[in-house]
Amino acid sequence: MNNPAPAISPPAGIGDHKPANQAVLDWVHEVEQLTQPENIFWCDGSERENDFLIAESLKQNVLIRLNEKKAPRSYLHRSNPNDVARVEQFTFICTPTKAEAGPTNNWSEPAETYSKLQGLLKGAMRGRTMFVVPYIMGPPDSPLTKIGFEITDSKYVVLSMRIMTRMGEIAVKRLGHDPKAEWNRGVHSLLDVNPERRFICHFPQDNAIISVGSGYGGNVLLSKKCLALRIGSYLARKQGWLAEHMLILGVESPVGKKHYVAAAFPSACGKTNFAMLIPPKHFAGWKVTTVGDDIAWMQIRDGRLWAVNPENGYFGVVPGTSCKSNPNAMKSIERDTLYTNVALTDDSDVWWEGKDGAPPKHAFDWRGNDWTPDSKEKAAHPNSRFATPMRNNPVLDPHVEDGNGVPISAIIFGGRRSDTMPLVFQAFDWEHGTYIGATMASETTAAATGAVGQVRRDPMAMLPFCGYNIGDYFRHWLETGKRLTKPPLIFHVNWFRKSADGKFLWPGFGDNMRVLGWIIDRCEGRVGANESAIGHISRLQDLDLGELRGVTPNQMRELLNVNAEEWQKEISDHAKFFESLGSVVPKELDKQRENLAARFKS
Ligand code: GTP
Ligand code: SPV
Ligand code: MN
């Protein structure tokens, strides 16, 4: 379990890779004075270091070794059962004023917060090893690439960071000697893994993050949500680019024409699956490749948006992953994978709800308790995850390391909506697209603690990840649009609409290619659309449904239907949402809502 484990003593040559930069040394010294670890382990990201840390983690039961034949070089980690997902209620943006954090963030005054956290961190690493993890976010030769250092007392965090980021020597070299160089300071301590002492705090002005009391995912892999999105979005506005919760995929037609698409779906709403999609047989010759599965950093060049994936691995939802739903993910996690909170079979393989084949007759559930198919509890936690290097992905896009990024032809928004939202529609223009993103909603999922299945507004899938005032974020989107001479087209999709009897109307997964195909046709100007009040909607005859099984014409009509009554409620929910944000929403977006309402009347 990811409860604190005692200090480890590495042999000479491991853990002693001290960087030369004085600013880093001073900061580490300061944190050492405060937390008083037994020793300091300076990570270099080498194979040898990784082997040593895995061996120590196995000894200390931080990891469980899996069957070498069935899951080569893969391990299982069990987190504390009180610590299984992001904690939005304990996540804070600590800007000098509350207004800078805005109406959607928890705000906490920086000086007070530093002092509270210092109190919690005082002596917190006694008897433990303090790891210093250097890493970069972004391809090595991208102008957007950022350097971070994470201090942590969790080996699981170190091992995960090595998968999820470009970690070690590469960051130390890039930073060099300049004590004024820009880099992110991240401090993480498990403390006693107690939800009452769990705080994820961001100090955008200081480019600093402090996370205490958790050992799980986005709470503690400070590169990901904390740096790449919350601090990242703050820097992006200042520096004129975009940091978004978006997958990036490439889609190539049979004649070899390639487009790149970025898509923002909230947590556990299908980004990883969409990014690795395998087109159905009917789409022979089409190919989808993955640039990223969770985060896109985008900048403007030649009037277009160009995107890079700042990450180096995937931290993906496990339940539901199978050779049927996502064969490329299954191949990616065949080896070199760090699993968290899945079930363990009697032959030391991993299992989860939705995996191919029959469930095992006996297994140990994610907590380590006996489990059989008759058990009431789930074998794998609904937010159980895999961390796997992106190199394992058989459809990794060849341009993933390209520092210039890939040119984005379309941006897609989408969420889990059982009603109202049709399968796909297109915004009239950038400003309307910004409105569609800003008013997006989705049912909550197990990716964050709290109720599951409740519809909430989640602008651009960034509600939990925007590191500054959401009104300024909307403004930044509008301003970005003005700078684009060839803006991507903007779409909204919904894979999750349900029939009256509560079943998904759309088969999803690989069949989402049919929707992607229409989107590409629109980008190429090859196909028309129905002009509706909410945007350009796909006509039934323009969606390639060849060989699609199990969807009746009636279901298709339902999927594409715009129900005026549902939309009256939707529009009034948009208004309520904007009202709840106070006066920060740009007036252009209020105007968009008025136009939308008016189109329904005309
Ligand atoms: P995060 O890693 O939390 O950001 O999640 P994500 O957006 O990458 O979602 P992911 O692709 O991991 O999918 C989350 C859940 O949605 C999984 O259980 C999937 O099986 C399910 N899912 C993904 N795509 C579809 C789809 O097209 N249709 C349906 N019905 N379910 C889907
Ligand atoms: C998400 O919740 O959007 C994730 C998982 O990608 S976590 O890294 O835990 O935030
Ligand atoms: Mn995510």
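The values are calculated or read from the model by the stated rules, or taken from the named source; none is laboratory data. Every value quoted in this text rests on a predicted model; they were computed, and no experiment measured them. A quick note on method: Cβ atoms are made from the backbone with ideal geometry, for glycine too, and the neighbour counts reach across all protein chains shown.
Residues of the stretch 455-511 that are closer than 17 Å to Met421 by Cβ, among the hydrophobic types (A, V, I, L, M, F, W, C), away from ligand 2 (no atom under 16 Å from the Cβ) and touching a strand residue (DSSP E or B) at 6+ places or on another chain (Cβ under 8 Å): Val455, Ile490, Phe491, Val493, Trp495, Phe496, Phe504, Leu505. Exactly one residue out of Glu244, Glu182, Glu196 is modelled with pLDDT of 95 or more and within 16 Å of ligand 1 (Cβ to nearest atom): that is Glu244. Sub-8 Å Cβ pairs linking a first residue in the stretch 445-467 that is part of a loop (DSSP other than H, G, I, E, B) to a second residue that is more than 13 Å from ligand 1 (Cβ to nearest atom) and of a type in the set (Lys, Arg), at least 6 apart or interchain, are Leu463/Arg456; Leu463/Arg457; Phe465/Arg230; Cys466/Arg230; Gly467/Arg230, ordered by first then second residue. Among the residues of the stretch 167-216, what is the count of those that are closer than 25 Å to Ser46 by Cβ, touching a residue at least 12 places away in the same chain (Cβ under 8 Å) and not hydroxyl-bearing (Ser, Thr, Tyr)? Matching residues across the stretch 167-216 total 20. Mind listing whichever residues of the stretch 199-226 are more than 16 Å from ligand 3 (Cβ to nearest atom), buried (at least 24 other Cβ atoms within 10 Å of the Cβ) and part of a loop (DSSP other than H, G, I, E, B)? Within the stretch 199-226, Gly213, Ser214, Gly215 meet the criteria. A count restricted to the stretch 507-543 and to residues that are within 11 Å of ligand 1 (Cβ to nearest atom) and under 30 Å from Lys601 (Cβ atoms) stands at 1. Residues that are away from ligand 3 (no atom under 16 Å from the Cβ) and in contact with a helix residue (DSSP H, G or I) (Cβ under 9 Å, 6 or more places away or on another chain) within the stretch 305-319 comprise just one, Leu305. Checked against (1) without any contact (Cβ under 8 Å) to a residue 40 or more places away in the chain; (2) more than 16 Å from ligand 3 (Cβ to nearest atom), Asp336 passes all but condition (1). Among the residues of the stretch 413-436, those that are crowded, with 24+ Cβ neighbours inside 10 Å and within 16 Å of ligand 3 (Cβ to nearest atom) comprise Phe413, Gly414, Gly415. Which residues, taken from the stretch 222-256, are farther than 16 Å from Phe149 by Cα, within 17 Å of the chain's Cα centre (by Cα) and among the polar types (S, T, N, Q)? Listed by number, the list holds a single entry, Ser233. Residues that are part of a helix (DSSP H, G or I), surrounded by 16 or more Cβ atoms within 10 Å (Cβ to Cβ) and either without any contact (Cβ under 8 Å) to a residue 12 or more places away in the chain or touching a helix residue (DSSP H, G or I) at 6+ places or on another chain (Cβ under 7 Å) (or both) within the stretch 33-53 comprise Leu34, Thr35, Asn50, Leu53, listed in sequence order.
Within the stretch 263-279, does at least one residue satisfy the condition of being away from ligand 3 (no atom under 16 Å from the Cβ) and over 15 Å from Asn512 (Cβ atoms)? The answer is no; no qualifying residue exists. Can you tell me which residue within the stretch 227-252, out of those that are part of a strand (DSSP E or B) and within 16 Å of ligand 2 (Cβ to nearest atom), is surrounded by the fewest Cβ atoms within 10 Å (Cβ to Cβ)? For the stretch 227-252, the residue satisfying everything is Leu247. The strands (runs of 3 or more DSSP E) located wholly in the stretch 265-350 that include 1 or more residues which are over 23 Å from Ile490 (Cβ atoms) and more than 16 Å from ligand 1 (Cβ to nearest atom) occupy 287-292, 343-345. Scan the stretch 269-289 and give yes if some residue there is more than 16 Å from ligand 2 (Cβ to nearest atom), surrounded by fewer than 23 Cβ atoms within 10 Å (Cβ to Cβ) and closer than 29 Å to Ile470 by Cβ, otherwise no. Scanning the stretch 269-289, I find no residue that is more than 16 Å from ligand 2 (Cβ to nearest atom), surrounded by fewer than 23 Cβ atoms within 10 Å (Cβ to Cβ) and closer than 29 Å to Ile470 by Cβ, so the answer is no. Looking at Val255 and the list (1) more than 16 Å from ligand 2 (Cβ to nearest atom); (2) of a type in the set (A, V, I, L, M, F, W, C); (3) outside any helix (DSSP H, G or I); (4) touching a residue at least 40 places away in the same chain (Cβ under 8 Å), which single condition is not satisfied? Of (1) more than 16 Å from ligand 2 (Cβ to nearest atom); (2) of a type in the set (A, V, I, L, M, F, W, C); (3) outside any helix (DSSP H, G or I); (4) touching a residue at least 40 places away in the same chain (Cβ under 8 Å), only one is false for Val255: (4). Of the helices (runs of 4 or more DSSP H) contained entirely in the stretch 487-602, those carrying at least 1 residues that are aromatic (Phe, Trp, Tyr) and surrounded by 16 or more Cβ atoms within 10 Å (Cβ to Cβ) fall at 512-523, 564-580. Does Asp302 fit the bill of being charged (D, E, K, R), away from ligand 3 (no atom under 16 Å from the Cβ) and on the phi > 0 side of the Ramachandran plot? The answer is yes for Asp302.
Being more than 16 Å from ligand 3 (Cβ to nearest atom), of a type in the set (D, E, K, R), touching an Asp or Glu at 6+ places or on another chain (Cβ under 6 Å) and in contact (Cβ under 8 Å) with a residue 60 or more places away in the chain is a property that holds for Lys287. The set of residues in the stretch 291-319 being among the β-branched types (Val, Ile, Thr) and within 15 Å of ligand 2 (Cβ to nearest atom) consists of Ile295, Val317, Val318.
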